[in-house]
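**Q** I have a structure I would like to understand better, so I am pasting it below and will then ask my questions one at a time.
The values are calculated or read from the model by the stated rules, or taken from the named source; none is laboratory data. Remember, it's a predicted structure, so these values are computed and weren't measured experimentally. Here the Cβ is made from the backbone with ideal geometry for all residues, glycine too, and neighbour counts use every protein chain on show. When the accessible area is computed, the model is the full protein with side chains, heavy atoms only, and any ligands, DNA or RNA have been set aside. Shrake-Rupley method; radii C 1.70, N 1.55, O 1.52, S 1.80 Å.
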Amino acid sequence: MDTSSHIGMGIATGLMISNVATNNNIEVNTASIVAISVMANVFPDIDIVFKLKSATAYINNHRGASHSLLLSFVWIAFITFFGYLSVQENFFIYLICASLGIFLHIFTDLLNGYGVQFLWPIHKKWIAFGITYTFDAVLLLLHIISFILIFIFKLPTLQTFFVAYGLIAIYIIISFIYHYFLKKALISKYGKFKRLILQAKASPFNWKYVYETYDKKFYMGIVHNKSIIQLRYEQRLEILDQEFEKILYQNKDVKAFIDFTPIYNYHIHNRSNGIIEIKFYDLRYLMVRKNQQTFTFNCIVEVKNNEVISSYLGFTINEENATKKFEKRKQKKSLIV
């Protein structure tokens, strides 16, 4: 979920906790409670610092261990003690703020297509439900309306947020149900699948899908107003040897790509001087846009004599840009050498 929504949830839950405490004759500092609640709601995204290192480090770590159940308890303990030591108020209140904030962050991130490594280090694959968009207009709009009703029209805080979060719960339940029936419709259209990615788009109840069959066929499209619209079709024409795959997987960029990407395709090109170039691309991000550009997540690797000699990993506006960045990296590497 986007940062603005996490902040909105932090403010909302902080205000609710403060109101409940006040109603129970517990003296609290509302500003500090809201601040700690916001901190908890955004804290797992501290892993964004890996962007400073490299794209590979960011892909490997964003929403990884930092969003796991195990480290959640570490974050809760840290934020609780930070809040308590800063203000010297009711320890239990700050424990509630930290716990609610951390788990709300992870739960809402689980709902979208990116997902989190919730079971790290036992299970390092990303878990994602795909029923909300990363920037979900419904969730953000309900928070904005609630703030307007509370701060401008002076409606009661607890009752307003109770209604808002009730509507959010209904929205999430309906999205799960809608996802289930869309999945059945896609199976009816394409038959048995090996992998199926069905993710919500920005507009409510508009979805995109990638459907992989057992014979390596990929169907990609959108579901708009219950209508399945196929936009792309691909087939994996070349199959990498298993031993060769193991060699590729030892490369940090390839490993990061495969671990992060549940459904992808690739093209193999034989270059001069015995160089083999493999272009991997994430099919979830291959979307047709109005300007016919396609946003992609690519990994490009060159192999010679069963050894990776260069690689690139990153998000780009289209495949052409990915190739240009790969060539620039090779040139930079050759100049260093």
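**Q** For the subset of the stretch 301-332 comprising residues that are under 14 Å from Arg271 (Cβ atoms) and of a type in the set (S, T, N, Q), which member is most open to solvent (accessible area, probe 1.4 Å)?
**A** Out of the qualifying residues, it is Asn305.
**Q** Considering only residues that are farther than 13 Å from Ile263 by Cα and touching a strand residue (DSSP E or B) at 6+ places or on another chain (Cβ under 9 Å), which ones fall in the stretch 205-227?
**A** Within the stretch 205-227, Phe205, Asn206, Trp207, Lys208, Asp215, Gly221, Ile222, Val223, His224, Asn225 qualify.
**Q** Quick one: which of Ile152, Ile144 is open to solvent by 40 Å² or more (accessible area, probe 1.4 Å), within 24 Å of Leu104 (Cβ to Cβ) and either free of Cβ contacts under 8 Å to residues at least 24 places away in the same chain or out of contact with any Leu (no Cβ under 9 Å at 6 or more places or on another chain) (or both)?
**A** Step by step, each of Ile152, Ile144 is checked, and only Ile144 is open to solvent by 40 Å² or more (accessible area, probe 1.4 Å), within 24 Å of Leu104 (Cβ to Cβ) and either free of Cβ contacts under 8 Å to residues at least 24 places away in the same chain or out of contact with any Leu (no Cβ under 9 Å at 6 or more places or on another chain) (or both).
**Q** On to the next question. Going residue by residue through the stretch 156-163, is there one that turns out to be open to solvent by 10 Å² or more (accessible area, probe 1.4 Å), at pLDDT below 95 and touching a helix residue (DSSP H, G or I) at 6+ places or on another chain (Cβ under 8 Å)?
**A** Checking the stretch 156-163: not a single residue is open to solvent by 10 Å² or more (accessible area, probe 1.4 Å), at pLDDT below 95 and touching a helix residue (DSSP H, G or I) at 6+ places or on another chain (Cβ under 8 Å).
**Q** For the stretch 118-164, name all the residues that are within 17 Å of the chain's Cα centre (by Cα) and on the phi > 0 side of the Ramachandran plot.
**A** Result: Gly130, single match.
**Q** Considering only the stretch 1-114, give the helices (runs of 4 or more DSSP H) lying wholly within it that have at least 2 residues that are in contact (Cβ under 8 Å) with a residue 24 or more places away in the chain and more than 30 Å from Ile131 (Cα to Cα).
**A** Working: elements: 3-23, 30-42, 55-61, 69-87, 91-111.
Result: 3-23, 30-42, 69-87, 91-111.
**Q** Would you pick out the residues in the stretch 1-52 that are charged (D, E, K, R) and closer than 29 Å to Tyr114 by Cβ?
**A** Asp2, Asp45, Asp47, Lys51 - these are the residues of the stretch 1-52 that are charged (D, E, K, R) and closer than 29 Å to Tyr114 by Cβ.
**Q** Ok, one more. Pick out the one residue from Thr22, Thr56, Thr13 that is open to solvent by 30 Å² or more (accessible area, probe 1.4 Å) and either touching a His at 6+ places or on another chain (Cβ under 7 Å) or polar (S, T, N, Q) (or both). It would help to see each step written out before you state the result.
**A** Values: Thr56 fails: open to solvent by 30 Å² or more (accessible area, probe 1.4 Å); Thr13 fails: open to solvent by 30 Å² or more (accessible area, probe 1.4 Å).
Answer to the check: Thr22.
**Q** Considering each of Tyr190, Tyr171, Tyr178 in turn, give the residue that is among the aromatic types (Phe, Trp, Tyr), open to solvent by less than 50 Å² (accessible area, probe 1.4 Å) and in contact with a strand residue (DSSP E or B) (Cβ under 6 Å, 6 or more places away or on another chain).
**A** It is Tyr190.
**Q** Right, something else. Here's a check for you: in the stretch 123-133, which residue that is open to solvent by 60 Å² or more (accessible area, probe 1.4 Å) and touching a strand residue (DSSP E or B) at 6+ places or on another chain (Cβ under 8 Å) is farthest from Ile197 (Cα to Cα)?
**A** Going residue by residue through the stretch 123-133, those that are open to solvent by 60 Å² or more (accessible area, probe 1.4 Å) are 123-125, 129, 133.
Now restrict to residues that are touching a strand residue (DSSP E or B) at 6+ places or on another chain (Cβ under 8 Å): 129, 133.
Details: Phe129: 9, Tyr133: 13 Å.
Looking at residues that are open to solvent by 60 Å² or more (accessible area, probe 1.4 Å) and touching a strand residue (DSSP E or B) at 6+ places or on another chain (Cβ under 8 Å), I get Tyr133.
**Q** Being open to solvent by less than 10 Å² (accessible area, probe 1.4 Å) and not polar (S, T, N, Q) is the filter here; which residues of the stretch 94-119 pass it?
**A** Tyr94, Cys97, Ala98, Gly101, Ile102, His105, Ile106, Asp109, Leu111, Gly115, Val116
**Q** Within the stretch 30-45, how many residues are crowded, with 17+ Cβ neighbours inside 10 Å and more than 27 Å from the chain's Cα centre (by Cα)?
**A** Adding up the residues that qualify gives 2.
**Q** Something else about it: Out of the residues in the stretch 199-242 that are among the small types (Gly, Ala, Ser) and surrounded by fewer than 13 Cβ atoms within 10 Å (Cβ to Cβ), which is modelled with the highest pLDDT?
**A** Step by step, filter the stretch 199-242, then rank; the result is Ser227.
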